[in-house]
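The values are calculated or read from the model by the stated rules, or taken from the named source; none is laboratory data. Because the structure is a prediction, the values reported are computed rather than measured. Because the Cβ atoms are built from the backbone with ideal geometry, glycine has one as well, and the counts that use them run over all protein chains shown. We work out accessible area using only protein heavy atoms, side chains counted, and drop any ligands, DNA or RNA first. Shrake-Rupley method; radii C 1.70, N 1.55, O 1.52, S 1.80 Å.
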Amino acid sequence: MICDRDEAPPLHIPTPSSSPRLRVLQRYHLENYFLDENVLARVFETLEPEGSWLRSPAAIRKCLRELAQKRIPYATALATSSYIRAEAGNVDIMAKGCDQLNIDQLVEQILGRAAIERVRVSESLRNDAIEHYARRVARTIQDSLDQDTDEWKHHTPGKALFNMFADRVKLDAARLKTAYIICAQNQSESPFQEIIDIFASFSST
């Protein structure tokens, strides 16, 4: 099984050895793999005239980074809520060996489990822990944008970002995806290489 980061706690990715049957993509959404500025520039080579900013990988990257900058709060909120939800998890107050207990013993064990779960959930919802995680996520994205690395492409929700870019260039998002895939097939370094490698690993096991 393969899923995107939207289905897993951000910044906490299972490794192939720890989860051989479930592989989580390194990027938040599948659409994050459609943010390669070089491929996008090739898409517009046949759609835009000479001199258009859409034929420049650097100009496209600048546009994407500007759009991503505006999505830092949203990305941080998604990442933090997902992480805390995973940390707190489901509350489990199930008693053990119920058939051998009388009602008083059963209630006592249930209350004991509830006390343990109360402490665990309270720890997960500590203000300082939540603040630390939220600030770490926001700093990770902001630092990547400031230093012009590609890590922001991993953590910024790509679905909204890609649709914002498609809207900016006044092109249907589905049409842009199709053209992107065609152009990606014709270059040596595929933006989908991670996905290709995952499927290859499935077929070899």
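Scan (i) 159; (ii) 120; (iii) 138 for the value of volume of the Cα convex hull per residue in Å³ calculated from this model and give just the label.
Recomputing volume of the Cα convex hull per residue in Å³ here picks out (i).
Quick one: which of 30-37, 121-128 comes out on top by average Cβ neighbours within 10 Å, and what's the full order, highest first?
30-37, 121-128
For residue 2, what residues show an amide H to amide H distance below 5 Å, using hydrogens built from the backbone and excluding near sequence neighbours?
23
Angle, helix 72-88 long axis vs. longest principal axis of the chain, Cα atoms, 0 to 90°, nearest 10?
Result, in degrees: 30.
Highest first, please rank the peptides 139-146, 99-106 by the mean number of other Cβ atoms sitting within 10 Å of their residues. Before the final figure, lay out the partial values.
Working: 139-146: 16.1, 99-106: 9.9.
Going by the mean number of other Cβ atoms within 10 Å, highest first, we get 139-146, 99-106.
Can you spot the aspartates and glutamates whose alpha carbon is less than 17 Å from residue 62's alpha carbon? Ignore those fewer than 8 places along the same chain.
Result set, ordered by chain and number: 36, 37, 143, 146, 148, 150, 151, 167.
Considering only protein heavy atoms, with the full assembly of protein chains and a 1.4 angstrom probe, order 98, 63 by accessible area, largest first.
The most accessible residue leads, giving 98, 63.
Contact order normalised by length for the chain, with contacts defined as Cα pairs under 8 Å and 6 or more residues apart; what percent is it?
Working: 192 pairs, mean separation 59.4, N = 205.
Across the chain, relative contact order equals 29 percent.
Please identify which residues in region 159-192 have an amide N closer than 11 Å to a label point set 7 Å out from the Cα of residue 74, following the Cα→Cβ vector.
159-165
Under the rule of -39500 (n - 2.57) per DSSP H run of 4 or more residues, summed and divided by the residues of the chain, what mean residue ellipticity at 222 nm is obtained, to the nearest 500 deg cm²/dmol?
After summing the helix terms and dividing by the residues of the chain, the value is -18500 deg cm²/dmol.
Hey, got the dipole for the chain? About the Cα centre, +1 on K and R Cβ, -1 on D and E Cβ, debye to the nearest 20? Before the final figure, lay out each step's value.
Values: 26 positive and 29 negative charges, 58 e Å.
The dipole of the chain has a size of about 280 debye.
Could you name the aspartates and glutamates whose alpha carbon sits less than 14 Å from that of residue 170, not counting residues in the same chain fewer than 8 places away?
In chain and number order, the partners are 48.
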